[in-house]
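To start, the structure under review is shown below, and the notes come after it.
What follows draws every value from the coordinates through simple rules; no lab data is involved. Here the structure is a predicted model, which is why all the values come from computation and not from measurement. Methodologically, a virtual Cβ is constructed for each residue, glycine included, from the backbone with ideal geometry; neighbour enumeration extends over all protein chains shown.
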Ligand code: PLP
């Protein structure tokens, strides 16, 4: 019999991690490689947050905590939802886990039975479909086309819902496109969901604070309070506070769901790190001004990357509302040939050929469920981005 479980056999290894590994391999061979694959801010965790963690260690907060978060962190999360999203959650409606990833997985594991369907709008964050599969459910992919800003249209949602639909996953701003839903767009989706009371909504708001221009950020439970009783609002400190390594994510939702999620955590991870939780309290309750300062830097990088990519032959790059990704189309390059004789027949070939020719690591759109595109993470310095985009321009110009 096979070592691998039947559940794991349904899952693909993470494509973003594969690109990172290939780039690292080329670097070891002495190649000059620019990695634009990683999904984390290049900024450091703010000093006051680090100090709060050190103080927690000194106070002896180094033991098990409540399984789904300390009372202090749950209170800070509840205050955040009230302050920033106009959402009221009691502390017994809050779940804290080891990253946003674990929060989402706990929710899926807690609720999916074999055959249950989860609607996942593409382009999607790579982990959603595979986490659904691991939890025994069936991902149902629907497409948000570039012409619609990579967003799910209400009619497409309506057509995808069946009696077996358990969840719709929303992610705004999105990884990998940076697209964010307006209040009106969320209301239009809510209108569809009202006709299907069996469908729950998981909204992944991880990039909430990375929003540019005068975009007015909204989350669905705020826009459609009548869906509050079947919405899980997921967020975390990883992206907004440059805390990817600390592993703290959180969610607010109806108590019966939160109780089930606690049951999962209680038999798997137990609590997330007590020290990281103390740091997250400071992140949420402490000064917030640096978020806007860093946001301004990200916005400049976005504008630089979008502009330079649109000057590359055969590439078309939409302007995203948020996050730190762009998702350009390579439709105009399909069928062309590299100097080495490789025909660009897909975004997979494009990403490999670009890495081989110019040492720029990007992630192919096929990993996110919509081709022919690729994803660039612009969470790196302007100098590096400028160099990378120049190389991409040179690569595109070299294709025949
Ligand atoms: N959700 C989205 C859309 C993400 O891009 C990520 C990280 O890449 C996560 C969730 C996971 O965040 P965390 O590092 O807190 O687990």
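In the chain, the calculated helix contribution to ellipticity at 222 nm averages -12500 deg cm²/dmol per residue, counting -39,500 (n - 2.57) for every DSSP H run with n ≥ 4. Most simply put, the range 63-285 has about 30% antiparallel DSSP beta bridges, counting only bridges with both residues inside it. What percentages, rounded to whole numbers, describe P(r) for the chain computed over all alpha carbon pairs with 10 Å bin width beginning at zero? In whole percents, the pair-distance histogram is 5, 22, 31, 26, 13, 2, 0. Counted over all Cα-Cα pairs of the range 63-285, pairs farther apart than 24 Å make up 38 percent.
Annotation: the antiparallel percentage among DSSP beta bridges lying fully within the chain is about 45.
Residue ranges 153-166, 126-139, 5-18 sort as 126-139, 153-166, 5-18 when ordered by packing (mean number of other C-beta atoms within 10 Å per residue, highest first). Across all directions, the shadow cast by the convex hull of the range 107-188 built on its C-alpha atoms averages 5.2 square nanometres. A Gaussian network model of the chain, with springs between Cα atoms under 10 Å, assigns the largest mean-square fluctuation among 248, 57, 220 to 57. When peptides 79-91, 195-207 are sorted by average Cβ neighbour count within 10 Å, with the highest value leading, the order is 195-207, 79-91. Springs between Cα atoms under 10 Å define the GNM used for the chain, and in it the highest mean-square fluctuation of 213, 236, 249 occurs at 213. Here the spin labels are modelled as points 7 Å beyond Cα on the Cα-Cβ line, and at residue 4 and residue 198 they lie 3.2 nm apart. Largest GNM mean-square fluctuation among 142, 234, 192, using the chain with Cα springs under 10 Å: 192.
The stretch between residue 285 and residue 59, if pulled fully straight at 0.36 nm per residue, gains 79.5 nm over its current Cα-Cα span.
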